[in-house]
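What follows is one structure encoded as structure tokens, with my remarks underneath.
Readers should treat all values here as calculations from the given coordinates under stated rules, not as data from a laboratory. As the structure is a computational prediction, the values presented were derived from the model and not from experiment. As a convention, Cβ positions derive from the backbone with ideal geometry for all residues, glycine included, and neighbour counts pool all protein chains shown.
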Amino acid sequence: MTSTRWSALSRTQKLLDLVLLAAALALSLVWASGKIPTRLSDALPSFSLKDAIFFALLLAGWYACLSSLWLYRSRRLSEWHDELTDVAKAVSYSALCLSAVTVLAHWQAISGMVLVGFWLTAIDLLFAVRLVKRVVLRHFRRRGLNQRRVLIAGVGPRGEQMAELFEKYPELGYKLIGFIDNVRRPDVLGPLDRAAEILAANVVDELIITLPVKSFYEEISDIVSLAEDQGIMVRIHSDLFNKRVAHAVAEQFDGIPVLTLSTGPRITWMISIKRVIDVIGSAMLIVLLSPMLAAIALAIRLTSAGPALFVQERVGYNKRRFRMYKFRTMVVDAERRLAEIEHLNEAQGPVFKIRKDPRITRIGGFLRKTSLDELPQLFNVLKGDLSLVGPRPMSVRDFERFDEFWFNRRFSVRPGITCIWQVSGRSNTTFEQWIQQDLDYIDNWSLALDLRILFKTIPAVIRGDGAM
């Protein structure tokens, strides 16, 4: 596809997106009013000349929002959720733009409910169009249409891997025309030092470099410059290191290309939703459970000397320290007396657990069995120290006794009140199983997984599975 044709398609897609944003605004106005109009004119508020000017300003703002993000780049090699993330970002910026213009133009009809409706509807519409486009294009590519001719620099394992992927997934629409490398094979068009001639003599839409960076740095640098001179898109195989679970994301920082390797969840908008759920959920639970919280605090004060709350320093996100709240279940000097009973530890690994801890108060055993001692941690969730679901925060004592560096990956996400460990036997689980469960949660995280864990936590707590 020529650059002129691609630019025309990109402009068409932007105009379609503007129409969809306007349709989303109209639908959200209808939804907020609760009335189904019989005519199109009834669905929209009356416009004055000033309103028309501000609406034109809004369209310009939307166009800028859409153009500033990578919504219109080639999506052949990207996953659908990456495109959904970009759509959500663009619509979020467009909603902010609508909010700003609403304030300036004094549009009374656009309320908070309309803005929420616009945001949800616009994401649905823009992403639905892209899903249809993705399905249609893949259908054509399987039949040999909309093909891109690709040349691979490097016939090593990475080059062979890319060639096999293009053959395995014809819906990507890549046609391999050959390799460039310093070896003699029927599919090798020539050596690396003749890259300029090979690029000039062939129809090449994309050049994929799979050469080892360490031993071919100079050659890669020269080939990138040659392809740039001839206006050919270059992709570089990003598996530069022997990573096991980290995923790579190409980004730019002030025009400087940066390859980011991370092991945490990739879908950032879902993480934002997780935080919203944490704030709303913890606030509602605090209000609903406030009589119970007060009753437990009073019972602790009446049955043992000392405060109702126990505050301990814990290790949280990326090993940040924070003060975690619990209802006190032990005597006041419990931490000082730990050294006296350290030899009775029944747990494997660095953690300390014994079933009949002499430091536990009369009511403390019940609170631990039912996990009611954890309820004050809802305030930590509200503050942002914890999430409702996540790996349990480690005490400083346990953290300092870690004897494996790979244990520390559990700190790459925000810790939580409950997690897989909480619903699968708790103290009956070995320490290494506990850590592995935390890492499995991190690697497979989704909002649906959080909801499943939350629903499983309630019966697990009622049964008192594995509680000490």
Neighbour-count ranking for Ile123, Ile458 (other C-beta within 10 angstrom, fewest to most) reads Ile458, Ile123
Taking R0 as 35 Å and r as the Cβ-Cβ distance between Gln147 and Ala26, the FRET efficiency 1/(1 + (r/R0)^6), rounded to the nearest 0.05, comes to 0.35
Ordered by fewest other Cβ atoms within 10 Å, a rough proxy for footprinting exposure, Val315, Val101 read Val101, Val315
For Lys369, counting only lysines whose alpha-carbon sits under 19 Å away and dropping same-chain residues fewer than eight positions off, the answer is Lys326, Lys353, Lys356, Lys456
The set of residues whose placed amide H lies less than 5 Å from the amide H of Ile209, leaving out same-chain residues fewer than 5 positions away, is Ala153, Arg235, Ile236, His237
With Asp181 itself left out, Lys, Arg at +1 and Asp, Glu at -1 over residues whose Cβ is under 13 Å from its Cβ give 0
Between Val413 and residues 5 or more places away or on another chain, the pairs with built amide H atoms under 5 Å apart involve Asn318
Ordered by number, the GluC sites (Glu not before Pro) in the stretch 326-421 that occupy a DSSP loop and have at most 15 other Cβ atoms within 10 Å are Glu335, Glu346, Glu400, Glu404
Taking a straight Cα-to-Cα line shorter than 24 Å from Lys175, and setting aside same-chain lysines fewer than 8 residues away, one finds Lys133
Length gained if Val311 through Asn202 is fully extended, taking 0.36 nm per residue and subtracting the Cα-Cα distance, is 32.3 nm
Once amide hydrogens are built 1.01 Å from N within the peptide plane, the residues lying 5 or more places from Met330 or on another chain with amide H under 5 Å from its amide H are Thr361
Along the stretch 440-452, Karplus-curve 3J(HN,Hα) (6.51, -1.76, 1.60; θ = phi - 60°) to the nearest Hz, with x for Gly and Pro, reads 4, 4, 4, 6, 10, 4, 7, 5, 5, 5, 4, 5, 4
Ranked on Cβ counts within 10 Å of their own Cβ, fewest leading, Ser446, Ser424 go Ser446, Ser424
Diffing the stretch 205-213: the Karplus 3J(HN,Hα) column from phi (6.51, -1.76, 1.60, θ = phi - 60°), in whole Hz with x for Gly and Pro, holds 8, 9, 10, 10, 9, 10, 5, x, 5
Karplus-derived 3J(HN,Hα) from phi for the stretch 180-189 (6.51 cos²θ - 1.76 cosθ + 1.60, θ = phi - 60°), whole Hz, x at Gly and Pro, runs 10, 5, 8, 10, 9, 8, x, 8, 8, 7
Counting only DSSP loop positions in the stretch 295-389, the chymotrypsin sites (Phe, Trp or Tyr not before Pro) whose Cβ has at most 16 other Cβ atoms within 10 Å are none
